[in-house]
Every structure is written in C-alpha cells, then in structure tokens.
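Only one structure is covered here, and it is reproduced in the block below.
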Amino acid sequence: MEDKALNYDLAEEYKREILKIQNKFRQLRSGRIYEFSRASRDGSLATNIDQLSEMFTDLLDKIQFGGEGDRERLAKELNKIKF
C-alpha cells in the first residue's frame, strides 16, 4: 500500500459527518434508545446501529473517492441563492 498524504484537513472537510457520528454515540451512551427510554423518537438499538453503519459507510466513501463533505456541499448550495 502506497502512503499518500491528503491535500486537505480530513477533520475539517468532513466535520459535519464526524459530528453526526459523535452525536449518535453520545445518544447511545446516555441510553437514548427505545428499549430504555420508550420514546419512539430515539429508535431501537438495531435502528441506531444501522444508522451508525450508514454514516460510517457514507463518510468512508466520501474519503475514498474524494467526495465533498456536507459543509462544502451546503456552502455551494447557499452561494447559489440570491438574496
């Protein structure tokens, strides 16, 4: 495997995605799952695990294939809006 340095700050580029994953872990750590809270908005443990898996897959795909982070994509969309 060839070492290749990234030409951008990974944590900054994908900050929003990383924060979403961290938030999901915080929710799980504090017991915010349906099985404990009985609040349907918290989702079951299986649902939360599926969401985390999807978040990780999405982030890794963006990194692997040079996809834009949500922050950059949203900034471009906002720049299209004429005020």
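Each value in this text was obtained by applying a stated rule to the coordinates, not by laboratory testing. In this text the structure is predicted, and so the values were computed from the model without any measurement. Cβ atoms come from the backbone with ideal geometry, glycine included; neighbour counts cover every protein chain shown.
Among the residues of the range 23-51, how many are among the polar types (S, T, N, Q) and surrounded by 12 or more Cβ atoms within 10 Å (Cβ to Cβ)?
Qualifying residue count, the range 23-51: 6.
Those residues that are exposed (fewer than 15 other Cβ atoms within 10 Å of the Cβ) and of a type in the set (Ser, Thr, Tyr), I need them from the range 4-22; list them, please.
Result: TYR8, single match.
Can you tell me which residue within the range 52-66, out of those that are without any contact (Cβ under 8 Å) to a residue 24 or more places away in the chain and within 27 Å of GLN27 (Cα to Cα), is surrounded by the most Cβ atoms within 10 Å (Cβ to Cβ)?
Looking at the filtered set, the residue picked out is LEU60.
Are any residues in the range 1-23 farther than 15 Å from ARG73 by Cβ and outside any helix (DSSP H, G or I), and if so, which ones?
Result: MET1, GLU2, ASP3, LYS4, ALA5, LEU6, ASN7, ASP9.
So, in the range 32-83, how many residues would count as being touching a helix residue (DSSP H, G or I) at 6+ places or on another chain (Cβ under 6 Å), within 16 Å of GLU12 (Cα to Cα) and in a loop (DSSP other than H, G, I, E, B)?
1
Would it be correct to say that GLY67 is at positive phi and not basic (Lys, Arg)?
It is false that GLY67 is at positive phi and not basic (Lys, Arg).
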